[in-house]
Amino acid sequence: MGLHIKNGHLIDPANEVDSKADLFIENGQVVAIGNQPEGFNAETVIDAAGQIVCPGLVDLSARLREPGQEHKGTIESETRAAAAGGITTLCVPPDTDPIIDTPAISKLIRNRARIAGFANVVTLGALTHQLQGEHLAEMSELQTVGGCVGISNALNPVKNTLIMRRAMEYAASCGLTIFLHADDTGLSAGGCAHEGMISTRLGLAGIPESAETVAVARELMLIEQTGVRAHFCHLSSAHSIKMIARAQHDGLPVTMDVAAHQLHLTDMDIGFFNSQCHVLPPLRTQRDKDALSKAVAQGCISAICSDHQPHDADAKLAPFGETEPGISALETLLPLALRLLDDKLLSLSDLISRLTTQPAQILGLNLGHLGQGAKADICIFDPEQHWNVAPENMLSQGKNTPFIGWEMKGKVTHTLLNGQIVYQADKP
Amino acid sequence: MIRKDIQFDKKGRLRHFLTTEGISRPLITDILDYAENFASVVNKPVKKAPLLRGKTIANLFFEASTRTRTTFELAAKRLSADVININIQTSATKKGESLLDMLRNLEAMHTDMFIVRHMTSGAAHFIAEHVAPHISVINAGDGSHAHPTQAMLDMFTIRRHKPDFTALRVAIVGDIMHSRVARSQIHALNILGVPDVRVIGPHTLIPPHVENMGVHVFHQVEQGLRDADVIIMLRLQRERMQGALLPSEAEYFANYGLTPDKLALAKPDAIVMHPGPINRGVEIDSTVADGPQSVILEQVTNGLAVRMAIMAMVLGRTSDEEVAS
């Protein structure tokens, strides 16, 4: 009943493997690396010659839109898209409808994902009741009964600093990691684009960099005071990165991620009101983009996420400021990350660790590595294959992406979940 | 990815008029020259020209505006077009019918041109991107982004008094942040080669990096107005007083209101402009607004000729022969 991946180039950053090696999989686990174990009977053989074999990608933020917004996506449609993108684990923020502030909703989402069978789905529980920032949610219940791997107030920052402090203290006592969206809503209110040259030219209400940095500064002070383990999600500005990197250097238990699109787009890409470039936090400047890429290379940003937000077509069919923010991003996560290699800032192995091992660590999951006995969640991709992003080829229900027409390099050919093939590309 | 300028058709002729950004100096000059012809038509006893006979123009006003809508309506009628006025309550589109559905309905009525006023920046571009190929869109003001016909009538007015743009110092005073008029003027003035365009206002009303649009920023009105040839006062919306942008109308007037004393800092033959409607005692003193250097009412008159010229040019694309006859 075994599966044999032969001739591939294995990259497993957790075990410092970066060489040609076969993988042998049985009962959902990696049973051997290199030489075929005795008595192993390969029922399926995947010839991965010329391809990279690595742990399945772990995505720290993906909205599946179910429950609540099934016209934009379902757990089945979006996890299927994830599999096509080589992603085997997705972390869902709590702003579903209903909100994940009771264990039942967390269980519902995870059960539906299990039935769909395309990817592991883990959840973040709400930090405050109904994400309103007033009363603490039952974090401990969410964790122990609901199985939530962390907590977050999603895109609704807690305005009251005292409540934030208490929430952090309580989370710390539960041993929960808090996932933060750094946004001072007073500064960002009404904005839809980075406050700068482009917002000024187009007359768009701006979101200043300080909307992020002021929030980062407050949260860092509270993290220091409360000792909570914290993770900053989808950062956008060079200044924020600098502040958090300094805190890391000082020994604070903080990590951070960046959405893949922030590494490739700036506010210039808005052009004349391209609503596909309406994202939150907003696309910022070339200087910010360069600093984000550099921080990924250096490792202070330890994860790249998709920040997947699929939409129905109507959500983007309006004047820029009236459209809904977000990109359908699961299927472009890997190739967009691979583009960082063009600038030779980091090695392929380091890059893969930012997509696998390190996000798994942030979530506290024993995933993202392929040692003997590891869960056989695997991504196999052709690093040289070129392909064009086209809406008709996307599996996500949301076709909203500014990358339509972009040529990507690097194509997933197989995705394995628990040792089962959940995605296999058509032969090119 | 910056897409190609949708204002022009394949032959490079003006198809929509959405912004003054990125248009050429010869095109602006053409529009102004063409408008001179209509300025004379306006003064004739029979004020109509048959250029747009048989054309249907829809005024789509998502934001209330009597003056701008009226001048567009009059301009269209003087060109012998049929005009329909549609005032759309913002709530109606938000609740039920989408903007695109409404456009499809109007297209089905065989309209040739939409004049669009909308409170959201980018609305005119959005509509121009989605209309049927035979329809032209003229931006009559979108959010804080652009008001290109106003800017063109301002250029027309300036040129009548100061023919050489390359020797001018133009000062724009007031709420630059929220002003679509200022943005369109700044682009047009730069394209026309004005060497010194100044914006003057408190920091709270000056958008960040506005220098990149080709202006010099002043926070002190006394410095900014010095030796100006043209002073453009912007309207200050009363709702700006409610936030933290300004402490009071009185303080704004004391610092930035155009009084005879401040006007004296400019060149003696400086002209004073305002896109209207004016707030007397808020941004401008009555003695200045009604004084000899004010060209504010001329602007209103010129607005008609300039809008006729733009409509005729845009719709004339498809009826060159008629224009020739």
Original post:
How about region B:273-296: which of its residues are modelled with pLDDT of 95 or more and hydrophobic (A, V, I, L, M, F, W, C)?
Top reply: B:Met273, B:Ile284, B:Val288, B:Ala289, B:Val295, B:Ile296
Original post:
Can you name the residue in region A:235-276 that is touching an Asp or Glu at 6+ places or on another chain (Cβ under 7 Å) and surrounded by fewer than 24 Cβ atoms within 10 Å (Cβ to Cβ) and, of all such residues, is farthest from the other protein chains (Cβ to nearest Cβ)?
Top reply: A:Leu252
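Go through region B:35-62 residue by residue and tally those that are more than 30 Å from B:Met119 (Cβ to Cβ), of a type in the set (Gly, Ala, Ser) and surrounded by 13 or more Cβ atoms within 10 Å (Cβ to Cβ). Steps first, answer last, please.
Residues of region B:35-62 that are more than 30 Å from B:Met119 (Cβ to Cβ), as a first pass: B:36-37, B:39-51, B:53-54.
Restricting the remaining residues to those that are of a type in the set (Gly, Ala, Ser) gives B:39-40, B:49, B:54.
Filter once more, keeping what is surrounded by 13 or more Cβ atoms within 10 Å (Cβ to Cβ): B:39, B:49.
Number of matching residues: 2.
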Original post:
Quick one: is A:Asp290 among the charged types (D, E, K, R), surrounded by fewer than 23 Cβ atoms within 10 Å (Cβ to Cβ), within 14 Å of chain B (Cβ to nearest Cβ) and in a helix (DSSP H, G or I)?
Top reply: no
Original post:
Can you name the condition, by its number, that A:Lys20 falls short on among (1) under 17 Å from A:Ser353 (Cβ atoms); (2) free of Cβ contacts under 8 Å to residues at least 24 places away in the same chain?
Top reply: (1)
Original post:
Under the condition of being under 17 Å from B:Ile186 (Cα atoms), at the interface with chain A (Cβ under 10 Å from one of its Cβ atoms) and out of contact with any Leu (no Cβ under 6 Å at 6 or more places or on another chain), which residue from region B:99-146 is surrounded by the fewest Cβ atoms within 10 Å (Cβ to Cβ)?
Top reply: B:Gly143
Original post:
A:Asn400 is checked against (1) surrounded by fewer than 23 Cβ atoms within 10 Å (Cβ to Cβ); (2) more than 12 Å from A:Cys54 (Cα to Cα) and fails just one. What number does that condition carry?
Top reply: (1)
Subject >> Failed condition for B:Leu74, given (1) buried (at least 18 other Cβ atoms within 10 Å of the Cβ); (2) farther than 23 Å from B:His134 by Cβ; (3) more than 16 Å from the chain's Cα centre (by Cα) >> reply: (1)
**OP:** Output the number of residues of region A:194-218 satisfying the condition of being surrounded by fewer than 24 Cβ atoms within 10 Å (Cβ to Cβ), away from chain B (no Cβ under 11 Å) and charged (D, E, K, R).
**Re:** 1
Original post:
Are any residues in region B:9-21 modelled with pLDDT of 90 or more and more than 9 Å from every other protein chain (Cβ to nearest Cβ), and if so, which ones?
Top reply: B:Leu14, B:Arg15, B:His16, B:Phe17, B:Thr20
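In region B:5-34, which residues are assigned to a loop (DSSP other than H, G, I, E, B) and surrounded by 14 or more Cβ atoms within 10 Å (Cβ to Cβ)?
Just the residues of region B:5-34 that are assigned to a loop (DSSP other than H, G, I, E, B), to begin with: B:5-7, B:9-13, B:15-16, B:18-24.
Answer for region B:5-34, where residues must be assigned to a loop (DSSP other than H, G, I, E, B) and surrounded by 14 or more Cβ atoms within 10 Å (Cβ to Cβ): B:Asp5, B:Ile6, B:Gln7, B:Asp9, B:Arg13, B:Arg15, B:His16, B:Leu18, B:Thr19, B:Thr20, B:Glu21, B:Ile23.
Kindly indicate which of A:Gly191, A:Gly133, A:Gly150 is away from chain B (no Cβ under 14 Å), out of contact with any His (no Cβ under 8 Å at 6 or more places or on another chain) and at pLDDT 95 or above.
Details: A:Gly191 fails: away from chain B (no Cβ under 14 Å); A:Gly150 fails: out of contact with any His (no Cβ under 8 Å at 6 or more places or on another chain).
Within the list A:Gly191, A:Gly133, A:Gly150, the selection yields A:Gly133.
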**OP:** Give A:Leu351, A:Leu367 a once-over and let me know the one that is assigned to a loop (DSSP other than H, G, I, E, B), within 18 Å of the chain's Cα centre (by Cα) and within 18 Å of A:Gly85 (Cα to Cα).
**Re:** A:Leu367
Original post:
Under 9 Å by Cβ, and 6 or more places apart or on different chains, what pairs join a residue from region B:20-45 that is within 24 Å of B:Val137 (Cβ to Cβ) with one that is exposed (fewer than 14 other Cβ atoms within 10 Å of the Cβ)?
Top reply: B:Arg25/B:Gly193
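Given the structure, is B:His178 closer than 30 Å to B:Leu27 by Cα, in a helix (DSSP H, G or I) and within 12 Å of chain A (Cβ to nearest Cβ)? It would help to see each step written out before you state the result.
On the way: closer than 30 Å to B:Leu27 by Cα: yes; in a helix (DSSP H, G or I): no; within 12 Å of chain A (Cβ to nearest Cβ): yes.
Here the answer is no, as B:His178 does not meet what is asked.
Enumerate the strands (runs of 3 or more DSSP E) found wholly within region A:135-250, keeping only those where 2 or more residues are touching a helix residue (DSSP H, G or I) at 6+ places or on another chain (Cβ under 7 Å) and under 30 Å from B:His187 (Cα atoms).
On the way: elements: A:150-152, A:177-180, A:229-232.
Hits in region A:135-250: none.
Pick out the one residue from A:Ile109, A:Ile105, A:Ile115 that is assigned to a helix (DSSP H, G or I) and closer than 19 Å to A:Gly364 by Cβ. Give the steps one after another, and end with the answer.
On the way: A:Ile105 fails: closer than 19 Å to A:Gly364 by Cβ; A:Ile115 fails: closer than 19 Å to A:Gly364 by Cβ.
So the residue among A:Ile109, A:Ile105, A:Ile115 that is assigned to a helix (DSSP H, G or I) and closer than 19 Å to A:Gly364 by Cβ is A:Ile109.
Could you check, for region B:286-306, whether at least one of its residues is assigned to a helix (DSSP H, G or I), in contact (Cβ under 8 Å) with a residue 60 or more places away in the chain and of a type in the set (Ser, Thr, Tyr)?
Step one: list which residues in region B:286-306 are assigned to a helix (DSSP H, G or I), which gives B:286-289, B:296-306.
If we keep only those that are in contact (Cβ under 8 Å) with a residue 60 or more places away in the chain too, we end up with B:298-306.
Of the ones still in play, those that are also of a type in the set (Ser, Thr, Tyr) are B:301.
Checked region B:286-306: at least one residue is assigned to a helix (DSSP H, G or I), in contact (Cβ under 8 Å) with a residue 60 or more places away in the chain and of a type in the set (Ser, Thr, Tyr).
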**OP:** Considering only residues that are within 14 Å of another protein chain (Cβ to nearest Cβ) and touching a residue at least 60 places away in the same chain (Cβ under 8 Å), look in region A:293-320 and name the one that is surrounded by the most Cβ atoms within 10 Å (Cβ to Cβ).
**Re:** A:Phe320
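The values are calculated or read from the model by the stated rules, or taken from the named source; none is laboratory data. Since the model is a prediction, treat every value here as computed from it, not as a measurement. We place every Cβ from the backbone using ideal geometry, glycine too, and count neighbours over all the protein chains shown.
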